[in-house]
Amino acid sequence: MAAHRYWRLYVTAVDGSTEYASVGEFALFSESIGGTNLAVGKTATQSGNQVIGSAANAIDGDGGTEAGSSFPLPWWLAVDLGSGGAADIKRFEISAQRVVPNRSPKDFKIQWSDDGTTWTDQATFTGQTGWTQYESRSFATVSATYSGVTDLLGVTVRAHNRATGTPLAQTTSDAVTGAYSLTVGYDGECYIVALDDAGGITYNDKIARVMPA
C-alpha cells in the first residue's frame, strides 16, 4: 500500500435502522496492531442532509458523541489527514453510537483519495450485525498469506506479529507433507511457530521468521 491524505468510510447498509446511519468514532491507524489514532483532531466531512451529529464527532476521541445522517444510503464519512499527514492506513476502528446501535454500518467500504474527489476502494466488509451500545470493532485494510512447510506433521501452526508477539491466526500442518498456510490482516514479518502437540514421540517445537508469501 501507499500513503494517502484522505480516507473515507462508505456505508451501503446499516444494522437494522430504517432511518439513520451513524457511528460514534471512526479511527485510523498506520499499524496493524495498536498504534495512535491518526484521525483525532483532523478534519472530517459527511454526506446527508438531515444531520444527527457533526462529522467532527467521529474523530474527537469521545465515544459518547456521534456523527450521522438520515437516509438515503449510501452515507459516507471522510477524514482529511492534512497536507503533511498522508498515511498508509492498515487498520481502522468503528464504534457504535451510544443509544441506537442498529444505526451502525453493516455493509461498507474503506476508501482512499489523494485529492478528496476521486476515491478508490481499499477493502470491502459485509454482514457486520449485532452492534451494541459503544461497541468498537477493528478492521484490517491489508491482508497477507504466510505459507511454508514444517517437518512437524499434523500439528498446530501459529502466526505471531514479530514486533509485538501478538497471535494472529493458527492452522494445522498437513499430516503428510507438513505444509501450512495462514491468511491474516497483517502484512509484516511474523514468527511462525509449529507446536509439537501430538502424542507419542516428542519433538522440538519450531520457530521461523517469515515474510508474506
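The values are calculated or read from the model by the stated rules, or taken from the named source; none is laboratory data. Nothing here was measured: the structure is a model prediction, and the numbers come from that model. Note that each Cβ is placed from the backbone with ideal geometry, even for glycine, and that neighbours are counted across all protein chains shown. For accessibility, only protein heavy atoms count, side chains too; no ligands or nucleic acids. Shrake-Rupley method; radii C 1.70, N 1.55, O 1.52, S 1.80 Å.
Hey, what do the phi angles of the stretch 11-17 turn into as Karplus ³J(HN,Hα) couplings, whole Hz, using 6.51/-1.76/1.60 and θ = phi - 60°, x for Gly and Pro?
Along the stretch 11-17, the couplings run 9, 10, 7, 10, 7, x, 5 Hz.
Given H placed on each backbone N at 1.01 Å, which residues far from Lys106 in sequence or on other chains put an amide H within less than 5 Å of it?
Here the answer is Ala13, Val14, Asp15, since their amide H atoms fall under 5 Å of that of Lys106.
Once phi is turned into ³J(HN,Hα) by the Karplus curve 6.51 cos²θ - 1.76 cosθ + 1.60 with θ = phi - 60°, what whole-Hz value does each residue of the stretch 105-118 show in order, with x for glycine and proline?
Values per residue, Gly and Pro as x: x, 9, 10, 7, 10, 10, 10, 10, 8, 9, 10, x, 10, 9 Hz.
Put Leu9, Leu153 in order of accessible area, largest first, 1.4 Å probe: what do you get? Show your work: numbers first, answer last.
Values: Leu9 0, Leu153 85 Å².
Of Leu9, Leu153, the descending order of accessible area is Leu153, Leu9.
Show me, for the stretch 32-46, the HN-Hα J-couplings you get by feeding each phi into the Karplus relation (A = 6.51, B = -1.76, C = 1.60, θ = phi - 60°), rounded to Hz, glycine and proline as x.
5, 9, x, x, 9, 5, 6, 7, 4, x, 8, 9, 10, 9, 8
Just to confirm, what accessible area per residue do you get for the stretch 78-213 at 1.4 Å probe, in whole Å²? Spell out each step's value before the answer.
Numbers: 6850 Å² over 136 residues.
Accessible area per residue, the stretch 78-213: 50 Å².
List every residue whose amide H lies under 5 Å from the amide H of Gln122, counting only residues 5 or more places away in sequence or on a different chain, with H placed 1.01 Å from N in the peptide plane.
Close amide H contacts, sequence-distant or interchain: Ile110, Gln111, Trp112.
Please give the net charge around Trp131, taking every other residue with its beta carbon less than 15 angstrom from that of Trp131, where Lys and Arg add +1 and Asp and Glu add -1. Kindly include the intermediate steps, with their values, before the conclusion.
Numbers: positive: Arg98, Arg103, Lys106, Arg137; negative: Asp15, Glu25, Glu66, Glu93, Asp107, Glu135.
With Lys, Arg at +1 and Asp, Glu at -1, the net is -2.
Taking the highest mean first, how do the peptides 113-123, 64-74 order by number of other beta carbon atoms within 10 angstrom per residue?
Working: 113-123: 12.9, 64-74: 18.3.
With the highest mean Cβ count within 10 Å placed first, the list reads 64-74, 113-123.
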